[in-house]
Each structure stands twice: as C-alpha cells, then as structure tokens.
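Chemist: Can you read through this structure? Questions will come right after.
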Amino acid sequence: MTDPIVVVGIGADGWDGLSASARRAIEGADVVMGSGRQLALIPESPALRVDWPSPLVPALPGLFEQHHDRRVCVLASGDPMFHGIGVTLVDLLGAERVRVISHPSSATLACARLGWAAHETPVVSLVNRPVDTLLPALGDHTRLLVLSRDEHTPAAAAELLTKHGFGLSRLTVLGELGGPDESRLDGTASAWSHEPGARLNVVAIDCRADSGTLRLTRMPGLPDVVFTGDGQMTKHEIRALTLCALAPAAGELLWDVGGGSGTVAIEWMRTHPLCRAVTFERSAARADQIESNASALGVPSLPVFGDAPAAFEDVPPELSTPDAIFVGGGVTQDGLLEECWSRLRLGGRMVANAVTAESEALLLQWFSKCGGQLRKFQVYRGEPLGGFTAWRPQLPVAQWSVTKQSKGDAA
Ligand SMILES: C[S@@+](CC[C@H](N)C(=O)[O-])C[C@H]1O[C@@H](n2cnc3c(N)ncnc32)[C@H](O)[C@@H]1O
C-alpha cells in the first residue's frame with residue numbers, strides 16, 4: 001500500500017513553530033511540495049523540493065502520479081483544512097489517502113490577538129472572491145474576520161463598508177500573524193488612510209451601522225426597494241412566504257425560473273454562504289438587472305441563463321441537479337413545468353407562483369396529478385389616501401408547493 005500524502009500546516013514562524021510530529025513528517029519525506037515561500041521556511045534536506053506550478057489545481061493529478069511510489073509531504077499555510085490545500089487534496093485523492101497535521105489557522109491567531117471567541121466569529125474569505133461577498137455578513141455590532149486576497153483588501157473592505165452604511169466600523173488589519181514581522185493597523189472604515197501593508201493579512205471588522213442604514217439581514221423578505229429594475233419582482237411578503245416554502249439549507253442548489261429582478265435566488269443565496277443558485281431569465285435587460293442586484297446584495301457569483309426550458313441545456317453539470325426549483329415566470333410556457341419536474345432531484349422541493357388565471361389553472365392540474373399544497377395569498381398594504389390610510393390590495397398569488405417523492409408522485 002502506498003504511503004498517505006502527509007499535509008503539514010506551517011505558520012509564519014516556520015520550523016520553530018512546528019510540532020515534533022510535523023518535523024518528523026517533513027524530514028521523512030522523499031518529496032516536499034509547497035509554495036516557494038513555504039519551502040523556504042524548512043531547513044535544507046536531501047528531499048526533492050517541488051515548487052507549486054501555476055495554475056496549481058489542474059497540475060495536481062499529474063504531480064501525484066509522477067511521485068506515487070515516494071513518500072510525499074505537502075506544506076500548507078496554517079490549518080490545511082481551513083480554506084487550504086488539504087481540502088483540495090482530500091477532494092482529489094479521498095480522505096483515506098491524506099494525513100493532515102494541523103497548525104493554528106490565521107483566524108485562530110487573529111482571535112487570540114483580539115480576545116474574540118473563535119466559535120462566535122464568522123470568517124469570510126475574499127482570497128478568490130470579490131469584495132462584495134462580504135455584504136451578507138454585515139450587521140450592526142457584528143464581529144467578523146476577513147481572509148484577505150492581498151495588501152489591497154483592507155482598503156477595498158473599508159470602501160465597501162463606507163458605501164453600504166457601515167463607515168463607523170472599526171477595522172484591525174493583522175499582518176504576518178505568528179511571524180517575526182507580525183504587524184497591526186487600526187482605524188475606522190470611513191477614515192481608512194493606511195498605506196497597503198503586509199500582503200498576508202486578516203482584517204477584523206467590528207461592524208457599526210450609520211444611523212438610517214437599512215437593516216438587511218439574512219432572513220428572507222428584504223425590502224423591495226433594495227432591488228433595482230423594472231418592478232418585475234416577487235414582492236417582499238410573498239417572497240418571504242416563497243422562501244419559507246423553498247426551505248433553503250446549507251449547500252443546497254436552487255433553480256429560479258423566470259428570474260425577473262433575481263430576488264428569490266439572491267435571498268436564497270444570502271441565507272447561508274454555502275447556498276448556491278442559478279437563474280433563468282428570457283429578457284436580456286432583466287438578466288443584467290439580476291447581475292447588478294446580485295453584486296449589490298453580496299452574492300456576485302449568481303449565474304444567469306436565458307429562456308427556459310431551452311436554456312436548461314446550457315447549465316454546467318455541477319449545477320444541473322437542483323435541490324429546489326422556484327417557478328416565478330413562464331408557468332404556461334409549453335413543457336416548462338414538465339422539464340422542471342424531471343430535473344428536480346428526488347426529495348427536492350418545487351414551488352410555483354401564479355398571478356394569472358391561466359397559470360393558476362395549470363397549477364391546479366399539477367396539484368391534482370402530483371399532490372403537494374395549494375395556497376392563495378392576498379396582501380394588503382396600508383398606504384396614504386388623502387389624509388388617511390387605506391388598505392391597498394396587491395395582486396393575489398396562488399402557490400403550489402410540492403416535494404418530489406418519485407419521478408411520478410409528490411407529497
Ligand atoms: C413575475 S417575474 C418574476 C420575478 C422574480 N421572481 C423576482 O422576484 O424578481 C417573471 C419573469 O419571468 C420571465 N420569464 C417568463 N417566461 C420565461 C421563460 N420561459 N424563461 C425565462 N424567463 C421567463 C419574465 O421575463 C419575467 O422577468
């Protein structure tokens with residue numbers, strides 16, 4: 001049996017900070033792989049050193065094949081299983097082929113410096129993601145850590161916070177954590193004027209909302225005004241009920257058919273950082289509006305495809321088996337509900353909303369065939385009428401929601 005690949009976490013304090021077992025794993029290896037920076041942290045040895053090629057991930061299978069009969073040790077920054085190469089290697093080779101020797105992560109060290117409870121501090125990685133990804137995590141008096149892409153991330157985060165009504169937030173940039181050149185910069189977002197410092201850094205944010213900043217939590221039912229566009233959207237109250245019926249959970253994938261302004265997919269993704277979604281929108285102008293709303297609300301990775309059901313074919317395999325489907329437009333389009341139903345995974349949920357009599361009639365037929373729940377919602381909003389307040393009715397919405405038990409049946 002071939003030896004497992006040993007992944008050793010190493011900090012900025014290098015060899016001095018390693019445990020005896022981590023040192024033995026490095027010293028016993030025939031091949032040591034890592035970035036040039038990491039390889040420079042360990043003493044000279046007869047082992048072959050492999051500096052990571054770029055791009056790394058596509059090169060990994062070939063590299064391990066090449067050295068399959070040798071003892072391989074991989075160096076990782078901090079905790080290998082925390083946003084690290086350990087996760088990539090387990091995905092690639094399987095957990096039984098990988099032995100991980102842990103080290104404190106940058107987030108653990110940051111919490112130690114700040115006196116923050118690690119188990120109460122959310123961490124957002126901006127290493128490979130746009131800075132907007134930070135937005136769903138913001139809230140008044142919330143504390144969080146940001147794993148930076150580089151030395152420019154702190155200023156980008158400060159600018160984003162200021163633009164979105166969190167200019168009073170306190171920022172602490174911790175550079176080269178655990179190393180001899182460890183550094184710390186403090187300031188508030190709106191007055192951030194530090195020059196870029198350490199390339200390796202973590203930003204600690206103690207969020208403070210300006211007075212008047214809209215409260216945008218992860219709870220579905222955001223105010224309609226935060227979505228721009230031509231008004232084609234599932235409105236606040238019905239949206240909250242729709243997301244409730246869709247019941248998002250961490251890691252699940254939603255297809256939002258008839259995306260409009262993207263509200264349902266955006267709110268689905270905001271409920272948990274691991275929630276993924278895909279939208280289908282036939283109007284090019286609305287597809288653009290979905291993209292800009294997704295960025296403005298912190299889920300810039302939301303992809304938009306065209307006319308359903310034809311565009312179902314364009315979806316890449318990793319996004320092609322949804323856990324839930326919402327049909328907010330195109331209910332009466334030929335074959336659309338059939339195609340949605342056949343692509344939904346067994347045990348997945350489908351929710352369809354109808355405003356017109358024709359689409360409502362179709363939902364009734366599907367309910368007779370497959371079961372599930374039928375509901376009709378009527379919302380009144382109190383609005384000014386002269387000097388008084390009147391109940392202004394919104395269009396009533398019929399909703400069919402169902403769980404797919406088998407290809408034919410539902411419940
Ligand atoms: C009522 S809006 C949906 C609103 C959306 N849930 C939201 O909150 O923003 C219906 C949308 O479905 C789109 N649509 C209708 N039929 C479609 C189809 N077959 N494929 C893709 N989009 C479609 C329309 O262009 C429109 O933007």
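Every read-out reported here was derived from the displayed coordinates using simple, explicitly stated rules and does not represent laboratory data. Treat the numbers as computed from the prediction; the structure is a model and nothing was measured. Cβ: placed from backbone, ideal geometry, glycine included. Neighbour counts: every protein chain shown.
Chemist: When only C-alpha pairs under 8 Å and at least 6 residues apart count, what is the relative contact order of region 224-403, in percent? Provide the component values of the computation, followed by the final result.
Modeler: Working: 351 pairs, mean separation 32.4, N = 180.
Worked out over region 224-403, it gives 18 percent.
Chemist: Can you sort H194, H103, H141 by how many other beta carbons sit within 10 Å, fewest first?
Modeler: Fewest-to-most ranking of H194, H103, H141: H141, H194, H103.
Chemist: Quick one: order L147, L253 by neighbouring beta-carbon count within 10 Å, fewest to most.
Modeler: Sorted ascending by nearby Cβ count, the order is L253, L147.
Chemist: Using only Cα atoms, locate the centre of region 190-227 and the centre of region 382-399, then give the distance between them in Å, rounded to an integer.
Modeler: With region 190-227 and region 382-399 each reduced to a Cα centre, they are spaced 34 Å.
Chemist: Report the paramagnetic label zone for A250: residues of region 125-139 whose backbone N is under 19 Å from a point 7 Å from Cα along the Cα-to-Cβ axis.
Modeler: Only 125-126, 134-138 pass the distance filter.
Chemist: Where both residues lie in the chain, what percent of DSSP beta bridges are antiparallel, nearest 5? It would help to have the intermediate numbers written out before the result.
Modeler: Values: 35 of 69 bridges.
Counting DSSP beta bridges with both partners in the chain, the antiparallel share is about 50 percent.
Chemist: Whole-Hz Karplus ³J(HN,Hα) for region 338-343, in order, using 6.51 cos²θ - 1.76 cosθ + 1.60 and θ = phi - 60°, x for Gly and Pro?
Modeler: Using θ = phi - 60°, the values come out as 4, 5, 4, 4, 6, 8 Hz.
Chemist: While we're looking at this one, here's another question. Given L243, G62, G11, which one lies farthest toward the positive end of the charge dipole of the chain, if we put +1 on the Cβ of every Lys and Arg and -1 on the Cβ of every Asp and Glu?
Modeler: With unit charges placed on the Cβ atoms, the residue in question is L243.
Chemist: Suppose every Lys and Arg Cβ carries +1 and every Asp and Glu Cβ carries -1, with no other charges. What dipole size does the chain come out with about its Cα centre, to the nearest 20 debye?
Modeler: Using Cβ point charges on Lys, Arg, Asp and Glu, the chain gives about 960 debye.
Chemist: Which whole-Hz couplings ³J(HN,Hα) result when phi for each residue of region 264-270 is put into the Karplus expression 6.51 cos²θ - 1.76 cosθ + 1.60, θ = phi - 60°, listed in order with x for Gly and Pro?
Modeler: Listing the rounded values in order: 6, 5, 5, 5, 4, 5, 6 Hz.
Chemist: Rounded, prolate or oblate: which fits region 46-97, taking a ≥ b ≥ c as square roots of the Cα gyration tensor eigenvalues, rounded meaning a/c under 1.5, else prolate when a/b beats b/c?
Modeler: rounded
Chemist: With charges only on Cβ, +1 for K and R and -1 for D and E, what is the dipole size of region 224-403 about its Cα centre, in debye, rounded to 20?
Modeler: It works out to roughly 640 debye.
Chemist: Determine the percent antiparallel among the DSSP beta bridges restricted to region 108-206, to the nearest 5.
Modeler: Here the share of antiparallel DSSP bridges comes out near 85 percent.
Chemist: Moving on. Rounded to the nearest 500, what is the 222 nm mean residue ellipticity of the chain from helices alone, with -39500 (n - 2.57) per DSSP H run of 4+ residues and division by all residues?
Modeler: Rounded to the nearest 500, it is -7000 deg cm²/dmol.
Chemist: In what sequence do C244, C275 fall when counting other Cβ within 10 Å, fewest first? Don't skip to the end; give the middle numbers.
Modeler: Working: C244 13, C275 22.
By the 10 Å Cβ count, ascending: C244, C275.
Chemist: Taking 8 Å as the Cα distance limit and 6 or more residues as the minimum spacing, I'd like the relative contact order of region 100-146 as a percentage. List each step's numbers first, then the result.
Modeler: Working: 27 pairs, mean separation 17.1, N = 47.
Relative contact order of region 100-146: 36 percent.
Chemist: Right, something else. Using Cα-Cα distances under 8 Å and only pairs 6 or more residues apart, what relative contact order does the chain have, in percent?
Modeler: Working: 831 pairs, mean separation 40.8, N = 411.
Worked out over the chain, it gives 10 percent.
Chemist: Taking the Cα-to-Cβ direction at S45 and at L93 and moving 7 Å from each Cα, how far apart do the two end points lie in nm?
Modeler: Using points 7 Å along Cα→Cβ, the separation is 1.5 nm.
Chemist: Taking amide H positions as placed 1.01 Å from N in the peptide plane, with prolines and chain starts having none, which residues 5 or more places from A277, or on another chain, fall under 5 Å of its amide H?
Modeler: Counting only residues 5 or more places away or on other chains, the set is L254.
Chemist: May I pose another question? List every residue whose amide H lies under 5 Å from the amide H of S125, counting only residues 5 or more places away in sequence or on a different chain, with H placed 1.01 Å from N in the peptide plane.
Modeler: For S125, the qualifying residues are L147.
Chemist: Can you bin region 147-241 into rounded, prolate or oblate? Criterion: square roots of the alpha carbon gyration tensor eigenvalues sorted a ≥ b ≥ c, rounded for a/c under 1.5, prolate for a/b above b/c, oblate for the rest.
Modeler: Prolate.
Chemist: Does region 224-403 come out rounded, prolate or oblate, given a ≥ b ≥ c as the square roots of the eigenvalues of its C-alpha gyration tensor, rounded meaning a/c under 1.5 and, failing that, prolate meaning a/b above b/c?
Modeler: oblate
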